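Right, one structure below, let's go through it.
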Amino acid sequence: MTAEGPEFDRKSIRYALGEAADFNGLAADCVGFANAAGGTIVLGIEDSETNPPADQRVPAELVENLRKRIPQLTVNVHVEPQKRTAANGGEYVEIRITGNQQSIASTTDGKYFLRVADQTRRLLPDDLGRLMVDRNSLVWELGIVRRVSQEQHDPQKLADFLMQVRGSDRVSPFIRGKTDGELLEHYQFVRDGSLTNLGVLWIGRRNDRAALLHAPVLQCIKYDERDRKVRKQIWDDYSLNPQELIQAVWNDVPDWRESYEFPEGLFRRNVPHYDEVVVRELLANALVHRPYTQRGDIFLNLFPDRLEVHNPGLLPIGVTPRNILHASVQRNPHLSRVFYDLKLMEREGSGYDRMYEVMLTSGRPTPVVEERDDRVVVSVTKRIVRSE
C-alpha cells in the first residue's frame, strides 16, 4: 500500500469508533488535505501495517456517520467515504478529500490546517496570506483576464512548443499523439476557445503578454568590489516566453563565459565561474515559483565572489530553506509541468538536488537559500574550495 505522505494517510479504526473516537482530529486532517492537493485517508489500517486485520468488519453506519459528521465540523471540505475490502478479507474505510483550488478550508471553530509531507500542520495567521497567494497563483494560470482567441497566438512559439513536446521522452506516446488543439487543452493553454494566462505567457503574442498582470521581467546587475553598479541588463519587452528568457539570459551575460584554469597533469582544465546547469536551474526555479499575482522583477545580482538570484514572494507553505531539497510543493503546477516536460527543470519544480551535485563536483559550496521579508534569495559562490 502507498506510504504515508502529502496525499495519503492511514489511521486505526479506533480513530472513528468507540470512546477513543476523535472526529475533531479527523476533521483537522481533512482540512489539511483540502488546503493542499487533496488526498486519501484510510481508516482501519495501523501505521505499521499494509492491510487491515483479516477479521475486521466496518459497521454499516460508520460510513454514513463520516459522510454527515465531517461536513458538520468543517468549512469548504468535500469528502467521499467508502467501505473497502482488502485482499485478506479485512474491511476498512477510504476517505477521499478533494483539494481546493480557490477557497481555503477550515474547521467550524475557525482553525486552519495544511498537509505537509506526512503530517497535518496548524496554520498561523501569517500563513493564511501565503496560502492565499498560492491559491491565487493556481487561479492565475487558468484565468482568462482578456479574451484572447486561441487563433491569436504567436505562430513560431506555437510551432516550437508543439515540436518540443512531441520530441520529449518525458511525454507519454498517448499525449504526443494528440492533435494540436488537444495538446493546448492538455497543457491548460486554452480554455473555451481562448488563451489562458498560461497560454498567453508561453505561446501568446508580445502585446498580449505585455498586458498580463505581472508578466516576468528579469534584470541582471553587476557590482564591483565596493558594491557599485558597473553594468545593468534588463529583459522587459515581453517578446520572450519563459523558455526564451532563460536562453536570452544565458546568451547575453558575458560573465557566464569566464572560467578558472587549473593544471591537470600535462594539460590545463577550465572550470567556468558559473556552471550552465546551475544558472539555468536557478532561472527556471525563479520563473516557475514566482507568484504571478504579485508585482516584482527577478534580479540576478553578480558580485565579485557570488551570484544572487532575488525572486519576489516567499516560499510556499511547507517549504523552508532547510527542507527545500526534499519538499515538493508546487505554486504554479501547470507551468511546472510544461517546464518538466520540455526538460527545462527537474520534477516537482525543484532543481536544487541537481545544483547541489554540480556545485559539489566542481568544488564549490552548495547554494544558500534565504527567505527575506518579501523575497527569496539564492546565492551561489564563485570561489573554488578545492581544485582536485
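Here is a check on your reading of the model: is Tyr274 hydroxyl-bearing (Ser, Thr, Tyr), modelled with pLDDT under 95, crowded, with 16+ Cβ neighbours inside 10 Å and assigned by TED's automatic domain parsing to the domain that holds Arg337?
Values: hydroxyl-bearing (Ser, Thr, Tyr): yes; modelled with pLDDT under 95: yes; crowded, with 16+ Cβ neighbours inside 10 Å: yes; assigned by TED's automatic domain parsing to the domain that holds Arg337: yes.
Yes; evaluated as a whole, the condition is true for this residue.
Residue check: is Ser239 in the same structural domain as Glu357 (by TED's automatic domain parsing), free of Cβ contacts under 8 Å to residues at least 40 places away in the same chain and in contact with a helix residue (DSSP H, G or I) (Cβ under 6 Å, 6 or more places away or on another chain)?
Working: in the same structural domain as Glu357 (by TED's automatic domain parsing): yes; free of Cβ contacts under 8 Å to residues at least 40 places away in the same chain: yes; in contact with a helix residue (DSSP H, G or I) (Cβ under 6 Å, 6 or more places away or on another chain): yes.
So Ser239 fits the description; yes.
Residue check: is Ile317 farther than 27 Å from Arg170 by Cβ and in contact with a helix residue (DSSP H, G or I) (Cβ under 7 Å, 6 or more places away or on another chain)? Give the steps one after another, and end with the answer.
Working: farther than 27 Å from Arg170 by Cβ: yes; in contact with a helix residue (DSSP H, G or I) (Cβ under 7 Å, 6 or more places away or on another chain): yes.
Here the answer is yes, as Ile317 does meet what is asked.
Answer yes if at least one residue in the stretch 205-218 is at pLDDT 95 or above, part of a strand (DSSP E or B), surrounded by fewer than 18 Cβ atoms within 10 Å (Cβ to Cβ) and touching a strand residue (DSSP E or B) at 6+ places or on another chain (Cβ under 6 Å), and no otherwise.
no
What number of residues in the stretch 243-271 are outside any loop (DSSP other than H, G, I, E, B) and surrounded by fewer than 17 Cβ atoms within 10 Å (Cβ to Cβ)?
First pass over the stretch 243-271, keeping only residues outside any loop (DSSP other than H, G, I, E, B): 243-252, 254-257, 259-264, 267-271.
From the residues that got through so far, the ones that are surrounded by fewer than 17 Cβ atoms within 10 Å (Cβ to Cβ) too are 244, 247-248, 250-252, 254-255, 257, 259-264, 267-271.
Of the residues in that region, 20 qualify.
Within the set of pairs 6 or more residues apart or between chains, which connect a residue that is in contact (Cβ under 8 Å) with a residue 60 or more places away in the chain inside the stretch 173-193 to a residue that is hydroxyl-bearing (Ser, Thr, Tyr) and part of a loop (DSSP other than H, G, I, E, B) with Cβ atoms less than 9 Å apart?
The qualifying pairs are Gln188/Thr196.
So, in the stretch 42-78, how many residues would count as being of a type in the set (Gly, Ala, Ser) and either in contact with a Gly (Cβ under 9 Å, 6 or more places away or on another chain) or in contact (Cβ under 8 Å) with a residue 40 or more places away in the chain (or both)? Give the derivation first.
Step one: filter the stretch 42-78 for residues of a type in the set (Gly, Ala, Ser), giving 44, 48, 54, 60.
With the extra rule that they be either in contact with a Gly (Cβ under 9 Å, 6 or more places away or on another chain) or in contact (Cβ under 8 Å) with a residue 40 or more places away in the chain (or both), the set shrinks to 44, 54.
Of the residues in the stretch 42-78, 2 are of a type in the set (Gly, Ala, Ser) and either in contact with a Gly (Cβ under 9 Å, 6 or more places away or on another chain) or in contact (Cβ under 8 Å) with a residue 40 or more places away in the chain (or both).
Does any residue of the stretch 229-241 turn out to be within 21 Å of the chain's Cα centre (by Cα), modelled with pLDDT of 95 or more and of a type outside the set (D, E, K, R)? Please lay out each step first, then the result.
Within the stretch 229-241, the first condition is being within 21 Å of the chain's Cα centre (by Cα), and the residues that meet it are 241.
The next check asks that each one be modelled with pLDDT of 95 or more; those that pass are 241.
After this cut, where a residue has to be of a type outside the set (D, E, K, R) as well, the list is 241.
Yes - at least one qualifying residue is present in the stretch 229-241.
The values are calculated or read from the model by the stated rules, or taken from the named source; none is laboratory data. Just so it is clear, the model here is predicted, and its values are computed rather than measured. Cβ sites come from the backbone with ideal geometry, for glycine too, and all protein chains shown count toward neighbours.
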